[in-house]
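The values are calculated or read from the model by the stated rules, or taken from the named source; none is laboratory data. Please read all numbers here as calculations on a predicted model, not as lab measurements. Glycine also receives a Cβ, built like all others from the backbone with ideal geometry; neighbour counts cover every protein chain displayed.
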Amino acid sequence: MKFGVIVFPGSNCDDDMVHVLGEVMGQEVVKLWHKNPDLPGFGPGDCVVLPGGFSYGDYVRAGAIAQFSPVMGAVKEFAASGGYVFGVCNGFQILCESGLLPGVLLRNANQQFICDNVWIKPVTHDSPVTAGLDLHRALKIPIAHAEGRYFADDKTLNELEVNNQVLFRYCTPDGKVTPESNPNGAARNIAGICNAQRNVFGMMPHPERASEEVLGNTDGRGLFESLLAHVAV
């Protein structure tokens, strides 16, 4: 499986993602500059990753300017053709701003930047990145964001629930979804979602920061393993 990690001005998690995909997961991975108008060499079985960071300094709104980068036109075409697209943190924000995922990421409820380890619970097997995860086991994954509060109107939220598009919810270490376990005030404790076609995924926590034994936490590696196993079938 080939991965492409897009680099926007202000991206700062691109090298982390490249390292995990290439060195830890053993996959082919290349960096893609945001001014590239196309994605040469990428097919439906490949994945484009939008990493974390502060694209364009988060001016106007997180992800609001990056959605207009030339590469995003190619990303939309790639997703429409069935290619996999995975946005983490700022990448999730960009996917929502570009319309590839519903909803928006707002300022954290406490109006402060949050950098912490949190617990998230996978709530469905019906997506490539969660198909191989244990739905009864909470995952400890780092977050680092100021605009991570997922929001959508009730109609959209209900559609996400009915269509089984919610991938992760913030929870306690033992997997209970509670108001107290919600670090940023996200609607319905939502930490990650996918599109209706199940090939575009977005989440605020950083699985690439929890994928190596040397870091003392490999909970995030399961997402990448799940995606690779799904594609290999």
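Assorted remarks:
The rows are residues; the columns are (1) in contact (Cβ under 8 Å) with a residue 12 or more places away in the chain; (2) within 17 Å of Val123 (Cβ to Cβ); (3) surrounded by 22 or more Cβ atoms within 10 Å (Cβ to Cβ).
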residue: Val177; (1), (2), (3): yes, yes, no
residue: Asn189; (1), (2), (3): yes, yes, yes
residue: Asn199; (1), (2), (3): yes, no, no
residue: Leu215; (1), (2), (3): no, no, no
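- Cβ separations smaller than 6 Å between residues 6+ apart or across chains give the following pairs from segment 154-174 residues that are in a loop (DSSP other than H, G, I, E, B) to residues that are surrounded by 12 or more Cβ atoms within 10 Å (Cβ to Cβ) and not polar (S, T, N, Q): Asn163/Ala196; Asn164/Asp126; Gln165/Ile193; Gln165/Cys194; Pro173/Trp119; Pro173/Ala138.
- For segment 18-32, the count of residues that are under 22 Å from His206 (Cα atoms), of a type outside the set (Ser, Thr, Tyr), part of a helix (DSSP H, G or I) and touching a helix residue (DSSP H, G or I) at 6+ places or on another chain (Cβ under 6 Å) is at least one.
- Each residue in segment 205-233 was checked for being outside any helix (DSSP H, G or I), over 27 Å from Tyr150 (Cβ atoms) and not hydrophobic (A, V, I, L, M, F, W, C), and 2 of them qualify.
- A count restricted to segment 35-53 and to residues that are among the charged types (D, E, K, R) and either at pLDDT below 95 or surrounded by 13 or more Cβ atoms within 10 Å (Cβ to Cβ) (or both) stands at 2.
- Pick from segment 54-89, criterion at positive phi and crowded, with 24+ Cβ neighbours inside 10 Å, ranking: modelled with the highest pLDDT: Cys89
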